[in-house]
Amino acid sequence: MSQRIYEAHPLENRVVIAGYGEPKSWTLDVFEKKLGGYKAARGAVKAEPDSLITTVKDAGLRGLGGAGFPAGVKWSFIPKNPTKPVYLVCNADEGEPGTFKDRQIMEHLPHRLIEGMICAASAIGSKTAYIYVRYELRLARERLEQAIEEAYKAGYLGENIFGSSRSLDITVHPGAGAYICGEETGLIESLEGDRGQPRLKPPFPAISGLFGGPTIVNNVETLAHVPGILNNGPEWFVKLGNGTPRGAGTKLLCVSGDVKRPGFYEIPLGLPLNSLLNDICGGPLEGRKFKACYPGGSSSPLLRADEFDTPMDFDSLAAKKTMMGSGAVIVIDDSRSIPEMAMRTARFYAHESCGQCVPCREGTKWVSKMLKRLTMGQGSFSDIDKIKSACNNMAGKTICVLSDACAMPVVSMLEKFRPEFEAIAKPDDEVQPALPKISGQMAALMSLVRERQTQK
Amino acid sequence: MSYKFSPALEKKFEWLKSRYPVQDAVLIPLLHFVQNEVGYLSLDAMEHVAEKMNISPARVKEVASFYSLFRFEAGGKYVLQVCHNLTCYLKGSDQLLEWMEKNMELDDSGNSKDGVFRVERVECLASCGTAPVIQANNWDYFEELNLEKLQKIVEALRAGKWACASYEDRIQEGSVA
Ligand SMILES: Cc1cc2nc3c(=O)[nH]c(=O)nc-3n(C[C@H](O)[C@H](O)[C@H](O)COP(=O)(O)O)c2cc1C
Ligand code: SF4
Ligand code: FES
């Protein structure tokens, strides 16, 4: 089933998933004949790479995997006369809790991703590309493999694609169950056959990434937008969104939790959250009221229901000290306990920390244990501030941002819903003293880790 | 009994090697194929992989142990991966787990007494729109679950039905999920 296929809501604008629900939309035949597929790729293989990069830059396409970095700008970091082969990697690890969008593209429109990869590879001068797919997404892997095979047979992949001088090989590479492999350098380590532990940056992958070559890592949704932009031009893309280049285009949002119609919806950037949740998703469940939501996956700080007038675009969310992230809106209604959600959020990051940085490895574990204590009714008032200060010590100090991704939502819950934590806390003299804090030698250990990383 | 790649896997191994400029990169895809043949990564199997790839068995184990999908002991025929992350929790995964613990005679590592099942708690399975969700053997998704559906699924799997059948096949057989 994967997801219910609804008719597009009038407030939606299906661009990157145009054709979703069309019978056999995943076959080359339907994609090409009915959905106008591979038109952009035919042009891209013969185009000047710089003109492709400029078009994508002008369109304002931003990375849709979490960080929102402008795709065209990232592509322009690839050295002009590289001494090593350039690699294109599609990040299809889809691990951020709440997110189920990339699999919709891979399962239903795999050729759109392949076409996007042909365009991107032409822009950066890559002949070898990989799609790093989360292993659990079996159907996505199968549909991609079938689609790649079809594309090879048709001469759209391999040598001299579309009769041009370009060649491109794409291989589907499975993950093996580790959220951290969604982080681009963790992903590269994993693709090279190693433990997926992120690398210290710089050097950034665009300079030295996969197998030591210049590498671009882009999310599935980002790449799938490229053909549309090349076909219709940058102005078209800017107009799709809120009309500004910083809020251009559409975004796939995954809505889950306490709403009437959970699902995934492609909306123009800038649609207010209220409109998404009430008009498109049918509002709260019977007899309930919205309390809060994570607007961009489990790593994003929460918005309270009274902040639901926020437009869903990168800048508006940043102004509310939260983020678009992966576009996963997890909705929580008034029947839920925020401390319980906080505990489960921290537990996830504690489980997924790769362990190479002490603030992250120890911090995520400690915070998750302290929150557990609170939710079990064994925590004290002073624990609340201790958790907050531990979170503040975890952010901005580590090799990758998983540590921040744990701290940020937890801090937002402690700040915005403090009375809920206080209601379950006990006076200090009625509980066991707090668990021992994170090791004092954290800083010394961190510098050791950094040193080792630089030597590598 | 020492393990050797099946002829089909030998072929896949050759194909894999042709797809990467550096041979080390085939390790993880290869381990998936081996685990699918053996059921788990036995010492034997990892030694054979090491020999084929010209790396040490310790290296194979070092890499494999980083990833939660690789198993190092034989387990139940059906591994039921129950998502206990945010949305599935909101939609009742605790109740599913409680039912499984009460009714499936699980030991401490989650294996059922009759050896048919192994129950694992896993993180978000990228199917939150149809939560709560269980995946069987990294293959079948069972979605929008409730206790009634869960009970039927467990019965059906125990009777050898449905696992690794597509959703469409299951619908034809009158599946509930
Ligand atoms: C802990 C962590 C997990 C991540 N997981 C994913 C993921 O599952 N999918 C994804 O596309 N990006 C993920 N990212 C973001 C990537 O590091 C990277 O920014 C992205 O793949 C770049 O592609 P984009 O610019 O097209 O968004 C993750 C980042 C972090 C720190
Ligand atoms: S921050 Fe955490 S997950 Fe990221 S590299 Fe450090 S220990 Fe690993
Ligand atoms: S939270 Fe269970 S599938 Fe995402």
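Pick from the stretch A:328-338 the residues that are within 12 Å of chain B (Cβ to nearest Cβ) and part of a loop (DSSP other than H, G, I, E, B): which of them is surrounded by the fewest Cβ atoms within 10 Å (Cβ to Cβ)?
The qualifying residue surrounded by the fewest Cβ atoms within 10 Å (Cβ to Cβ) is A:S335.
Looking at the stretch A:139-166 only, could you name the residues that are open to solvent by less than 60 Å² (accessible area, probe 1.4 Å) and part of a loop (DSSP other than H, G, I, E, B)?
Residues satisfying the conditions are A:G155, A:Y156, A:L157, A:S164, A:R166.
Give me a count of the residues in the stretch A:353-392 that are surrounded by fewer than 17 Cβ atoms within 10 Å (Cβ to Cβ), within 16 Å of ligand 2 (Cβ to nearest atom) and not small (G, A, S).
Residues in the stretch A:353-392 being surrounded by fewer than 17 Cβ atoms within 10 Å (Cβ to Cβ), within 16 Å of ligand 2 (Cβ to nearest atom) and not small (G, A, S): 1 in total.
For (1) more than 16 Å from ligand 1 (Cβ to nearest atom); (2) open to solvent by 20 Å² or more (accessible area, probe 1.4 Å), each residue gets a yes or a no:
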site: A:F31; (1), (2): yes, no
site: A:R42; (1), (2): yes, yes
site: A:G66; (1), (2): no, yes
site: A:F69; (1), (2): no, yes
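So, in the stretch A:86-115, how many residues would count as being within 17 Å of B:E123 (Cβ to Cβ) and acidic (D, E)?
Residues that pass the stated criteria total 4.
Can you tell me which condition B:M53 does not meet? The list is (1) open to solvent by 40 Å² or more (accessible area, probe 1.4 Å); (2) farther than 28 Å from B:L125 by Cα; (3) within 10 Å of another protein chain (Cβ to nearest Cβ), and all the others hold.
Here B:M53 clears every test but (1).
For the stretch B:109-125, give me each residue that is at positive phi and touching a strand residue (DSSP E or B) at 6+ places or on another chain (Cβ under 9 Å). Can you show your working first?
Within the stretch B:109-125, the subset at positive phi is B:110, B:115.
B:G110, the sole residue that qualifies.
Here are the criteria: (1) surrounded by fewer than 24 Cβ atoms within 10 Å (Cβ to Cβ); (2) more than 20 Å from the chain's Cα centre (by Cα); (3) within 16 Å of ligand 1 (Cβ to nearest atom). Tell me which single one A:G193 does not satisfy.
Against the list (1) surrounded by fewer than 24 Cβ atoms within 10 Å (Cβ to Cβ); (2) more than 20 Å from the chain's Cα centre (by Cα); (3) within 16 Å of ligand 1 (Cβ to nearest atom), A:G193 comes up short only on (3).
With more than 14 Å from chain B (Cβ to nearest Cβ) and either within 16 Å of ligand 1 (Cβ to nearest atom) or open to solvent by less than 40 Å² (accessible area, probe 1.4 Å) (or both) as the only criterion, which of A:T222, A:T215, A:T171 stands out?
Values: A:T215 fails: more than 14 Å from chain B (Cβ to nearest Cβ); A:T171 fails: more than 14 Å from chain B (Cβ to nearest Cβ).
Every option except A:T222 fails the conditions.
Condition check: within 9 Å of ligand 3 (Cβ to nearest atom) and touching a His at 6+ places or on another chain (Cβ under 6 Å). Does B:S93 satisfy that? If you could, list the steps in order and put the result at the bottom.
Values: within 9 Å of ligand 3 (Cβ to nearest atom): yes; touching a His at 6+ places or on another chain (Cβ under 6 Å): yes.
Against the criterion (within 9 Å of ligand 3 (Cβ to nearest atom) and touching a His at 6+ places or on another chain (Cβ under 6 Å)), B:S93 qualifies.
Select the helices (runs of 4 or more DSSP H) contained entirely in the stretch A:38-135, then report the ones holding at least 3 residues which are in the same structural domain as A:N218 (by TED's automatic domain parsing) and within 26 Å of A:A178 (Cβ to Cβ). Quick ask: steps written out before the conclusion?
On the way: elements: A:39-44, A:49-59, A:71-76, A:102-108, A:110-124.
Output list reads A:102-108, A:110-124.
Tally the residues that are without any contact (Cβ under 8 Å) to a residue 12 or more places away in the chain and either of a type outside the set (K, R) or over 24 Å from A:G296 (Cα atoms) (or both), restricting the search to the stretch A:358-400. Please lay out each step first, then the result.
Just the residues of the stretch A:358-400 that are without any contact (Cβ under 8 Å) to a residue 12 or more places away in the chain, to begin with: A:361, A:376, A:385, A:389, A:396.
Remaining after also requiring either of a type outside the set (K, R) or over 24 Å from A:G296 (Cα atoms) (or both): A:376, A:385, A:389, A:396.
Total satisfying the criteria: 4.
Kindly provide the set of residues from the stretch B:21-43 that are away from chain A (no Cβ under 12 Å), modelled with pLDDT of 95 or more and surrounded by fewer than 16 Cβ atoms within 10 Å (Cβ to Cβ), ordered by number.
Of everything in the stretch B:21-43, just one residue is away from chain A (no Cβ under 12 Å), modelled with pLDDT of 95 or more and surrounded by fewer than 16 Cβ atoms within 10 Å (Cβ to Cβ), namely B:L43.
I'd like the full set of residues that are more than 13 Å from ligand 1 (Cβ to nearest atom) and touching a Leu at 6+ places or on another chain (Cβ under 6 Å), limited to the stretch A:386-403.
Scanning the stretch A:386-403 gives a single hit, A:K388.
With respect to the numbered conditions (1) part of a helix (DSSP H, G or I); (2) open to solvent by less than 50 Å² (accessible area, probe 1.4 Å); (3) assigned by TED's automatic domain parsing to the domain that holds B:E105, which one is the sole condition not fulfilled by B:V82?
Failing condition for B:V82: (1).
Exactly one of these conditions fails for B:D108: (1) open to solvent by less than 10 Å² (accessible area, probe 1.4 Å); (2) over 24 Å from B:N36 (Cβ atoms). Give me its number.
Of everything listed in (1) open to solvent by less than 10 Å² (accessible area, probe 1.4 Å); (2) over 24 Å from B:N36 (Cβ atoms), B:D108 misses just condition (1).
Take the residues in the stretch A:393-419 that are among the hydrophobic types (A, V, I, L, M, F, W, C) and open to solvent by 60 Å² or more (accessible area, probe 1.4 Å), then tell me which one is farthest from the chain's Cα centre (by Cα).
Residues of the stretch A:393-419 that are among the hydrophobic types (A, V, I, L, M, F, W, C), as a first pass: A:394-395, A:399-402, A:405-408, A:410-411, A:413-414, A:417.
The next check asks that each one be open to solvent by 60 Å² or more (accessible area, probe 1.4 Å); those that pass are A:401, A:408.
Details: A:V401: 13, A:M408: 16 Å.
Checked the stretch A:393-419; the qualifying residue farthest from the chain's Cα centre (by Cα) is A:M408.
Spot the failing condition for B:K152; the list is (1) at pLDDT 90 or above; (2) open to solvent by 50 Å² or more (accessible area, probe 1.4 Å); (3) under 19 Å from the mean Cα position of the chain (by Cα), and only one is missed.
Only one criterion is unmet by B:K152, namely (3).
Scan the stretch A:163-186 for residues that are hydrophobic (A, V, I, L, M, F, W, C) and more than 16 Å from B:S68 (Cβ to Cβ) and jot them down.
We begin by selecting, within the stretch A:163-186, every residue hydrophobic (A, V, I, L, M, F, W, C); these are A:168, A:170, A:172, A:176, A:178, A:180-181.
Once the filter is applied, which keeps residues that are hydrophobic (A, V, I, L, M, F, W, C) and more than 16 Å from B:S68 (Cβ to Cβ), the stretch A:163-186 yields A:L168, A:I170, A:V172.
Any residue at all in the stretch A:16-36 that's touching a strand residue (DSSP E or B) at 6+ places or on another chain (Cβ under 7 Å) and not assigned by TED's automatic domain parsing to the domain that holds A:I216? Steps first, answer last, please.
The initial filter retains those residues of the stretch A:16-36 that are touching a strand residue (DSSP E or B) at 6+ places or on another chain (Cβ under 7 Å), namely A:16-17.
From what's left, not assigned by TED's automatic domain parsing to the domain that holds A:I216: A:16-17.
Yes.
Within the stretch B:88-96, is even one residue in a strand (DSSP E or B), open to solvent by 50 Å² or more (accessible area, probe 1.4 Å) and at the interface with another protein chain (Cβ under 10 Å from one of its Cβ atoms)?
For the stretch B:88-96, residues in a strand (DSSP E or B), open to solvent by 50 Å² or more (accessible area, probe 1.4 Å) and at the interface with another protein chain (Cβ under 10 Å from one of its Cβ atoms): absent.
Of all residues in the stretch A:251-271, how many are at the interface with another protein chain (Cβ under 7 Å from one of its Cβ atoms) and either hydrophobic (A, V, I, L, M, F, W, C) or away from ligand 3 (no atom under 12 Å from the Cβ) (or both)? Spell out how you get there, then give the answer.
Just the residues of the stretch A:251-271 that are at the interface with another protein chain (Cβ under 7 Å from one of its Cβ atoms), to begin with: A:254, A:256-258, A:262-264.
Next, only the ones that are either hydrophobic (A, V, I, L, M, F, W, C) or away from ligand 3 (no atom under 12 Å from the Cβ) (or both) stay: A:254, A:258, A:263-264.
Here the count works out to 4.
Any residue in the stretch A:180-202 that's more than 7 Å from chain B (Cβ to nearest Cβ): show its pairings with residues that are modelled with pLDDT under 95 and within 12 Å of ligand 2 (Cβ to nearest atom) at Cβ separation under 7 Å, as long as the two are six or more apart or on different chains.
A:T185/A:K201; A:R199/A:Q453; A:L200/A:R450; A:L200/A:Q453
Between B:Y78, B:Y40, B:Y67, which is within 16 Å of ligand 1 (Cβ to nearest atom), of a type outside the set (V, I, T) and under 19 Å from the mean Cα position of the chain (by Cα)? Give the derivation first.
Details: B:Y78 fails: within 16 Å of ligand 1 (Cβ to nearest atom); B:Y40 fails: within 16 Å of ligand 1 (Cβ to nearest atom).
Among B:Y78, B:Y40, B:Y67, only B:Y67 is within 16 Å of ligand 1 (Cβ to nearest atom), of a type outside the set (V, I, T) and under 19 Å from the mean Cα position of the chain (by Cα).
Those residues that are closer than 24 Å to B:G75 by Cβ and in a loop (DSSP other than H, G, I, E, B), I need them from the stretch B:4-56; list them, please.
Passing the criteria: B:K4, B:F5, B:S6, B:G39, B:Y40, B:L41, B:S42.
Given the options A:E266, A:E221, name the one that is charged (D, E, K, R) and not assigned by TED's automatic domain parsing to the domain that holds A:G98.
Numbers: A:E221 fails: not assigned by TED's automatic domain parsing to the domain that holds A:G98.
That would be A:E266, the only listed residue that is charged (D, E, K, R) and not assigned by TED's automatic domain parsing to the domain that holds A:G98.
If you go through the stretch B:132-144, how many residues are of a type outside the set (V, I, T), at pLDDT 90 or above, under 19 Å from the mean Cα position of the chain (by Cα) and in a loop (DSSP other than H, G, I, E, B)?
The qualifying residues number 2.
The values are calculated or read from the model by the stated rules, or taken from the named source; none is laboratory data. All figures in this text were calculated on a predicted structure; none of them were measured in a lab. We place every Cβ from the backbone using ideal geometry, glycine too, and count neighbours over all the protein chains shown. Note: areas computed on protein heavy atoms with side chains; ligands, DNA, RNA excluded. Shrake-Rupley method; radii C 1.70, N 1.55, O 1.52, S 1.80 Å.
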